[in-house]
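Right, one structure below, let's go through it.
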Amino acid sequence: FFASFSEISPVKEEEGLEGFELVDDPMDCQPAGQIKYLDISFGTFTSMFEQNRLKKGEFPGLKYVFTIVESLNMDSCKLDEKDARMIKYCLKEAKGKSTLKALTLSNNYFGIKGARAIATLEVPELDLSNCKLGVGGACAFSKLLPENIVIKKLNLYNNKIKVEGAKFIAKILEENKTLEFLDVGSNLIRNKGFESLKTCLTGGLKVLAAKNNCIKEKGFNEFMDAYHDNDDCQLKTLLLASNDVNMYTIKLTEEDLGDKLYIDLGIKLENHNERTLFLCGVNPKNTKPLLKKYFDKRGCGVIEHIDIIQGREKKKGKLNIFGFVKFAHKNGKMRVIQSLKEFEEQEIRLANK
């Protein structure tokens, strides 16, 4: 992509090649067709940014790629902040002819300066998962991204933005009205960080993913209270798998919401230890033998014991029955989790149809 066209030897007529034309700048070429998806992940290269000093006509290959490719994957290419500035420059140069709709830059290390360059990219879908942006990167995004009216989907999964970074992201959600999808999973945003994200309820965000963030019931309830207070909220999907919110709280919330908001808790189980499953909202008809038969039928492994407990009624006329299933080996528990995930995915596909 970064080969200089000046290094190509001129084609002589006597060599018998016809129908080819050499050009100084590939941007002058008329593309033969569009490429839907181009994967150059795990390719190691350097932008030679400092040496080239951004002279006119540099990086012709990448500028040309931006004019023919719709989705570009540059995952794990060992890109740094200099490469981020190069991408910004090339996309800016190709702006009038750019066809890029999705750009994947995951598993690269850009730092704060790189984040400033990336935040200005006018691409509808941007994947920056596992880029170690940190709180400083989130701060850089909060200053530049609100002005970006093109971006619709942003993936910031596993970037160590934490509580402080989540507050910066909240500023983006408050000002940017074009963003429809945001993933801040595995960022340790905790209760306070999740509560700050309720600013998304006044914008155009439709999907919020906050999996594995140590969110507990207090943070969840605060967010849902804000949701109920906002009648014009556009949020349709909330992904909260692998957080510390118990099933009973979710059950009550889902009953109040109806079909307005889909909440995904993944397995919808609380993990008490490596071998024990906690089941909430157990049907009174599901006795111990029936539950054992259910797990045995799916080949989940040897069960040591099953406990069914009837708790105090939290709503009049509603039974509060929960249970514990302890497997002889932790793999039995993992098999149940996997089977439930597959079942839930199938339910989602059917619902979408």
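Give the number of residues within region 109-150 that are of a type in the set (D, E, K, R), within 16 Å of Asp80 (Cβ to Cβ) and either in contact with a His (Cβ under 7 Å, 6 or more places away or on another chain) or assigned to a loop (DSSP other than H, G, I, E, B) (or both).
Final tally of qualifying residues: 1.
Can you name every residue in region 35-50 that is loosely packed, with under 12 Cβ neighbours inside 10 Å and at pLDDT below 80?
Thr44, Glu50
Of all residues being without any contact (Cβ under 8 Å) to a residue 40 or more places away in the chain and in contact with an Asp or Glu (Cβ under 9 Å, 6 or more places away or on another chain) in region 210-219, which is surrounded by the fewest Cβ atoms within 10 Å (Cβ to Cβ)? Just the residue, please.
Ranking the qualifying residues of region 210-219, first place goes to Lys218.
When only residues in region 59-108 that are among the small types (Gly, Ala, Ser) and not in a helix (DSSP H, G or I) count, which is nearest to Leu156 (Cα to Cα)?
Ser106
Could you list all residues from region 287-310 that are among the β-branched types (Val, Ile, Thr) and assigned to a helix (DSSP H, G or I)?
Step one: filter region 287-310 for residues among the β-branched types (Val, Ile, Thr), giving 287, 302-303, 306, 308-309.
Those that are among the β-branched types (Val, Ile, Thr) and assigned to a helix (DSSP H, G or I): none in region 287-310.
For region 141-148, state whether one or more residues are surrounded by fewer than 21 Cβ atoms within 10 Å (Cβ to Cβ) and either acidic (Asp, Glu) or within 24 Å of Thr67 (Cα to Cα) (or both).
Scanning region 141-148 turns up at least one residue that is surrounded by fewer than 21 Cβ atoms within 10 Å (Cβ to Cβ) and either acidic (Asp, Glu) or within 24 Å of Thr67 (Cα to Cα) (or both).
Would you mind finding the one in Ile172, Ile151 that is touching a Pro at 6+ places or on another chain (Cβ under 7 Å), under 20 Å from Leu239 (Cα atoms) and modelled with pLDDT under 95?
Values: Ile151 fails: under 20 Å from Leu239 (Cα atoms).
Just a single option satisfies the conditions, and that option is Ile172.
Quick check on my filter: what residues within region 183-208 are more than 21 Å from Asp231 (Cα to Cα) and outside any loop (DSSP other than H, G, I, E, B)?
Answer for region 183-208, where residues must be more than 21 Å from Asp231 (Cα to Cα) and outside any loop (DSSP other than H, G, I, E, B): Asp183, Arg190, Asn191, Lys192, Gly193.
Out of all the residues in region 181-195, is one or more assigned by TED's automatic domain parsing to the domain that holds Thr249, of a type outside the set (Val, Ile, Thr) and over 20 Å from Cys139 (Cβ atoms)? Break it down into steps so the answer makes sense when it comes.
In the first step, residues of region 181-195 are kept if they are assigned by TED's automatic domain parsing to the domain that holds Thr249; the result is 181-195.
Keeping just the survivors that are of a type outside the set (Val, Ile, Thr) gives 181-183, 185-188, 190-195.
Retained after the next criterion (residues that are over 20 Å from Cys139 (Cβ atoms)): 181, 191.
Yes - at least one qualifying residue is present in region 181-195.
Restricting attention to region 321-353, report how many residues are of a type in the set (Asp, Glu) and either in contact with a Gly (Cβ under 9 Å, 6 or more places away or on another chain) or touching a residue at least 60 places away in the same chain (Cβ under 8 Å) (or both).
Count: 1.
Failed condition for Asn246, given (1) within 22 Å of Asn155 (Cα to Cα); (2) touching a strand residue (DSSP E or B) at 6+ places or on another chain (Cβ under 7 Å), with all others met?
(1)
Going through Asp231, Asp244, Asp183 one at a time, which residue ends up being touching a residue at least 12 places away in the same chain (Cβ under 8 Å) and surrounded by fewer than 18 Cβ atoms within 10 Å (Cβ to Cβ)?
Asp244
The values are calculated or read from the model by the stated rules, or taken from the named source; none is laboratory data. As the structure is a prediction and not an experimental result, all values here were calculated from the model. All Cβ positions, even for glycine, are placed from backbone atoms using ideal geometry, and neighbour counts span all protein chains on display.
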